[in-house]
1. Identify, please: which residue in region 191-213 is modelled with pLDDT under 90 and assigned to a helix (DSSP H, G or I) and is, among those, most open to solvent (accessible area, probe 1.4 Å)?
2. When region 45-66 is examined, which residues are found to be part of a helix (DSSP H, G or I), open to solvent by 70 Å² or more (accessible area, probe 1.4 Å) and at pLDDT below 75?
3. So ALA127 passes all but one of these: (1) open to solvent by 40 Å² or more (accessible area, probe 1.4 Å); (2) part of a loop (DSSP other than H, G, I, E, B). Which condition number does it fail?
4. Considering only region 67-100, state which residues are of a type in the set (A, V, I, L, M) and at pLDDT 70 or above.
5. Do you know which residues across region 173-190 are under 23 Å from VAL142 (Cβ atoms) and assigned to a helix (DSSP H, G or I)?
6. As an exercise: evaluate GLY113 against (1) crowded, with 20+ Cβ neighbours inside 10 Å; (2) within 18 Å of the chain's Cα centre (by Cα); (3) not aromatic (Phe, Trp, Tyr) and give the number of the one condition it does not meet.
7. In the list ALA90, ALA136, which residue meets the criterion of being touching a Ser or Thr at 6+ places or on another chain (Cβ under 8 Å), over 16 Å from THR212 (Cα atoms) and open to solvent by less than 50 Å² (accessible area, probe 1.4 Å)?
Amino acid sequence: MLDATTRSGGTASVSPRTAAELAVATAAGPVAATGFAARVTRVLLSPWSRLSLLVALLASAATTVVLFQPQQLLTNGWPPQLGGAAAALAYAVAYGLCTVAFVPRPLLNLAAGALFGSQLGLTSAIAGTVLGAGVAFCLGRVLGQEALRPLLRGKWLKAADGQLSRHGFRTMLAMRLFPGVPFAASNYCAAVSRMGLLPFLLATGLGSIPNTAAYVVAGARASTPTSPAFLIALACIALPGLAGAVVAWRKRHRLRGR
């Protein structure tokens with residue numbers, strides 16, 4: 001049997017056994033490294049890791065909004081270097097990002113009316129609404145759906161998921177028309193369901209027009225609180241909210257009776 005090394009003429013040669021062991025170790029090294037990388041990738045891309053990333057992103061967005069205080073636009077006004085359509089477009093983008101960070105839409109709608117007037121303010125607010133809803137939907141679908149769908153076990157959760165999955169457009173349209181449904185919650189509920197993105201965006205855009213218009217007009221006419229336009233806008237804000245509360249109360253009693 002050959003030794004580990006054999007000296008011949010002042011040179012060292014590796015024995016067949018040692019050469020085989022080195023070959024196995026060399027071949028196993030990249031495989032082990034690849035296996036570790038694959039395990040790390042699976043952990044990072046797992047449903048709960050993605051959900052944790054979603055929570056971190058939303059918390060960071062909310063913190064950013066608190067620090068920058070966008071409500072100061074109402075007191076300081078819009079930057080003078082921006083005006084007209086460019087300002088409305090910039091506000092629509094900021095509006096969408098603020099809704100993702102859980103800023104209440106009524107405040108953003110009032111600000112749109114106060115800054116841009118009724119027509120341009122409504123256009124900017126609707127564009128921002130659709131943008132914010134789309135961003136929240138995509139984030140929830142990519143980062144949260146796979147982790148949250150197994151948790152839909154309660155009667156109410158299963159009913160809401162089934163309604164959104166089977167009748168997404170009309171269900172979301174009704175949710176947008178009634179102002180009592182939280183905007184952010186409805187976005188992420190739709191994302192967790194099997195509703196499509198296009199019906200979601202269409203229903204959001206159409207269903208948000210009446211309530212958004214009422215707030216925008218109220219913001220545009222806030223300096224004349226006794227004007228007919230301002231009073232009609234207040235009525236359009238109050239009446240759907242009251243109707244939504246009545247419908248929710250009746251549905252609640254029906255569910256209890258089952």
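The values are calculated or read from the model by the stated rules, or taken from the named source; none is laboratory data. The structure presented is a predicted model; accordingly, all values stated were derived computationally and were not measured. Glycine also receives a Cβ, built like all others from the backbone with ideal geometry; neighbour counts cover every protein chain displayed. Surface areas here come from the heavy atoms of the whole protein model, side chains and all, with no ligands, DNA or RNA. Shrake-Rupley method; radii C 1.70, N 1.55, O 1.52, S 1.80 Å.
1. The residue in question is VAL192.
2. TRP48, VAL66
3. That leaves (2) as the condition not met.
4. LEU67, ALA85, ALA86, ALA87, ALA88, LEU89, ALA90, ALA92, VAL93, ALA94, LEU97, VAL100
5. MET175, ARG176, PHE183, ALA184, ALA185, SER186, ASN187, TYR188, CYS189, ALA190
6. (2)
7. Answer to the check: ALA136.
To keep it simple, each residue is scored yes or no on (1) open to solvent by 70 Å² or more (accessible area, probe 1.4 Å); (2) out of contact with any strand residue (DSSP E or B) (no Cβ under 6 Å at 6 or more places or on another chain); (3) at pLDDT 90 or above; (4) not polar (S, T, N, Q).
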| residue | (1), (2), (3), (4) |
| --- | --- |
| ARG176 | no, yes, yes, yes |
| TYR215 | no, yes, yes, yes |
| ALA222 | no, yes, no, yes |
| LYS251 | yes, yes, no, yes |
